[in-house]
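**Q** Can you keep this structure in mind? I'll have questions shortly.
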Amino acid sequence: MSRVSSYTQALDLTIGLGYIERLTTNARIEKYLAKNHAELLNEFTKLLGEKAEEMSRAIPDPIKSAPRTAHAANVKAKVAKVKA
């Protein structure tokens, strides 16, 4: 696999995860998914939890990551509920 292809895949994944994050932070969409597609919402939550964990390791400066910290904590709490 070429380096450009790897970068393209990483960018696609980043954009996709950002879109999923925006969807799941919309209360109406999250409620719909929970009611009609709970399994899909659980998978989204797991993906976002993994992203939050990776970001917390990659960005040690709390000032830079402050806006996403609350959401990351929320996602981690949801992941904990799913695993329980």
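The values are calculated or read from the model by the stated rules, or taken from the named source; none is laboratory data. Nothing here was measured: the structure is a model prediction, and the numbers come from that model. Note that we place each Cβ from the backbone using ideal geometry, even for glycine, and neighbour counts take in every protein chain shown.
**Q** Mind checking which pairs have a first residue in region 47-67 that is basic (Lys, Arg) and in a helix (DSSP H, G or I) and a second that is surrounded by 10 or more Cβ atoms within 10 Å (Cβ to Cβ) and at pLDDT 70 or above, Cβ under 7 Å, 6 or more apart or different chains?
**A** Lys51/Leu17
**Q** Okay, next question. Go through (1) loosely packed, with under 13 Cβ neighbours inside 10 Å; (2) at pLDDT below 90 one by one and return the number of the condition Leu40 breaks.
**A** (2)
**Q** Out of everything in region 6-37 that is surrounded by 11 or more Cβ atoms within 10 Å (Cβ to Cβ) and among the acidic types (Asp, Glu), what residue ends up being farthest from Val82 (Cα to Cα)? Spell out the reasoning first.
**A** Taking region 6-37 first, the residues surrounded by 11 or more Cβ atoms within 10 Å (Cβ to Cβ) are 8-9, 13-14, 16-18, 20-21, 23-26, 29-34, 37.
Narrowing the set further to residues that are among the acidic types (Asp, Glu) leaves 21, 30.
On the way: Glu21: 17, Glu30: 15 Å.
Ranking the qualifying residues of region 6-37, first place goes to Glu21.
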